[in-house]
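The values are calculated or read from the model by the stated rules, or taken from the named source; none is laboratory data. Just so you know, these numbers come straight off a predicted model, no measurement behind them. Heads up, the Cβs are rebuilt from the backbone with ideal geometry, glycines too, and the neighbour counts pull from every protein chain shown.
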């Protein structure tokens, strides 16, 4: 399993800043493709919002 520094955006392949789970779909995403709730998190934080879960990877 890759550590957080090696994960890539599922949309464009850029380095991922975190994981977002929207209901039944999960993806690692970069800042350009992240949901605003993921962007609002500080590195290392996570947050649950109903059926959604956001985890920002720690700073590199």
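Please tell me if residue 48 is modelled with pLDDT of 95 or more, more than 8 Å from the chain's Cα centre (by Cα) and part of a strand (DSSP E or B). When the stated conditions are applied, residue 48 passes them.
Residue by residue, here is whether (1) at pLDDT 95 or above; (2) touching a strand residue (DSSP E or B) at 6+ places or on another chain (Cβ under 6 Å) holds:
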residue	(1), (2)
5	no, no
10	yes, yes
20	yes, yes
23	no, no
34	yes, no
41	yes, yes
59	no, no
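When segment 39-56 is limited to residues that are over 11 Å from residue 21 (Cα atoms) and touching a helix residue (DSSP H, G or I) at 6+ places or on another chain (Cβ under 7 Å), the one that is surrounded by the fewest Cβ atoms within 10 Å (Cβ to Cβ) turns out to be 39. The residues of segment 1-25 that are free of Cβ contacts under 8 Å to residues at least 24 places away in the same chain, surrounded by 11 or more Cβ atoms within 10 Å (Cβ to Cβ) and outside any loop (DSSP other than H, G, I, E, B), listed by number, are 8, 15.
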